[in-house]
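Written below as structure tokens is the structure these notes are about.
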Amino acid sequence: MSQVIPPVGVAEPFQREKDEILQALAAEVAGGRVQWPGYPDAALQLQRLLNDAHVDADQIVQAVSFEPALSMQVLRIANAAIFNPAAQPARDLRAAVQRIGSNLVRAAVLAFVVQQLRNADERSALRERFSALWRRGVVVGAIARALAAQRPVVATDVALLAGLLHVVGRLHVLLRLNRTPWLLEQPGFAESVMEHCAGKVSAGLLASWEMPAGFSQAILDYGNPERSLAGPPGLTDVLAAAVVLADLLPPSRTDYLDQIHLANVFLQAEPLWKRLGLTRANCSDALHKALEETQQLRAMFGA
């Protein structure tokens, strides 16, 4: 493939291009038009069904069955040791859906769509960056799940799904920049755009997928140091803690945790741990649990 040459006369730091992209993304969010290209109609319909309290399991099973790859994804999750400790196989979609519940079906839909989008582009650079972000979502989801088990302010499946969802705005930025590959190739450009708009873009995507509002709010607020700490702890706090702890895990190993680094991070984010009622030992246990489960979750969600 020939190299894409940027327009003559355009110099770093590409502020004009960045501003134009941010304005376009803001307009998409404001207009309710944020959507991934090629998002399967069956997946969107299933997301809407899952948000309807009057829908029964048979309707969900029927919607899942329209996509064979998605059906396999749901069965894979239902039969994974993490979600099936009794090792009782779910032999059909109905049994699988009943076992894992709506939030893990949502996670299956997201994993299915991410894999489709990642595999649709031939450029390895985009695939690698897309995959790295998705792996980050899985790691944060694993830690959030482990934290929720330690301190049950939210259900573990809700915490896991929030971790997966917190990267969707960043994935959307990569897809948007894929229209201008020369910008995507500029060091730090995509990350700069993400820092400015990823939360709002995530919220726009989740609204278009008709996700429960609590996920959008958590993703908008988890990184805001000025967010209100009034009221009981909830999903926002669990997600914030998981993101902080995810940075402690070395990317090249799955059996190591630097306890000195953990102690420093625990001191720096002490109000968060107090709010969640977590000790340093709790956080260490949650990280070790997440390390044990991450490989299974990566295989399960195609990361």
Exercise for the section: Would you mind telling me which numbered condition in (1) more than 20 Å from the chain's Cα centre (by Cα); (2) under 14 Å from residue 110 (Cβ atoms) residue 46 fails? Expected result: (1)
Problem - So residue 262, is it part of a loop (DSSP other than H, G, I, E, B), at negative phi, among the aliphatic types (A, V, I, L, M) and at pLDDT below 90 - result: no
Practice task
Test residue 291 against the stated conditions and say whether it is in contact with a Lys or Arg (Cβ under 7 Å, 6 or more places away or on another chain), buried (at least 17 other Cβ atoms within 10 Å of the Cβ) and either under 22 Å from residue 164 (Cβ atoms) or modelled with pLDDT of 90 or more (or both).
Solution key: no
Exercise for the section: Can you confirm whether the stretch 234-242 contains a residue that is within 30 Å of residue 53 (Cβ to Cβ) and surrounded by fewer than 19 Cβ atoms within 10 Å (Cβ to Cβ)? Expected result: yes
Handout entry: Yes/no for residue 192 being in contact with a Lys or Arg (Cβ under 8 Å, 6 or more places away or on another chain) and either among the polar types (S, T, N, Q) or in the same structural domain as residue 41 (by TED's automatic domain parsing) (or both)
Key = yes
Handout entry: Residue among 79, 84, 103 that alone is in contact with an Asp or Glu (Cβ under 6 Å, 6 or more places away or on another chain) and polar (S, T, N, Q)
Key = 103
Handout entry: Filter result (farther than 21 Å from residue 192 by Cα and at pLDDT below 80) within the stretch 10-38
Key = 38
Exercise for the section: Starting from residues that are in a loop (DSSP other than H, G, I, E, B) and without any contact (Cβ under 8 Å) to a residue 24 or more places away in the chain, keep the ones in the stretch 37-54 and report whichever is surrounded by the most Cβ atoms within 10 Å (Cβ to Cβ). Expected result: 52
Problem - Every residue from the stretch 161-205 that is of a type in the set (A, V, I, L, M) and more than 20 Å from residue 243 (Cβ to Cβ) - result: 175, 177, 183, 184
Practice task
Can you tell me which residue within the stretch 184-221, out of those that are among the aromatic types (Phe, Trp, Tyr) and over 12 Å from the mean Cα position of the chain (by Cα), is farthest from residue 160 (Cα to Cα)?
Solution key: 189
Handout entry: Output for the stretch 72-81, where each listed residue is surrounded by fewer than 19 Cβ atoms within 10 Å (Cβ to Cβ) and either of a type in the set (Val, Ile, Thr) or outside any loop (DSSP other than H, G, I, E, B) (or both)
Key = 72, 76
Exercise for the section: Have a look at 84, 103 and point out the one that is surrounded by 14 or more Cβ atoms within 10 Å (Cβ to Cβ) and part of a loop (DSSP other than H, G, I, E, B). Expected result: 84
Exercise for the section: Scan the stretch 200-209 and give yes if some residue there is at negative phi and without any contact (Cβ under 8 Å) to a residue 24 or more places away in the chain, otherwise no. Expected result: no
Handout entry: Members of the stretch 97-116 that are within 15 Å of the chain's Cα centre (by Cα) and not aromatic (Phe, Trp, Tyr)
Key = 103, 104, 105, 106, 107, 108, 109, 110, 111, 113, 114, 115
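The values are calculated or read from the model by the stated rules, or taken from the named source; none is laboratory data. Being a predicted model, the structure only gives us computed values, none of them experimental. Here the Cβ is made from the backbone with ideal geometry for all residues, glycine too, and neighbour counts use every protein chain on show.
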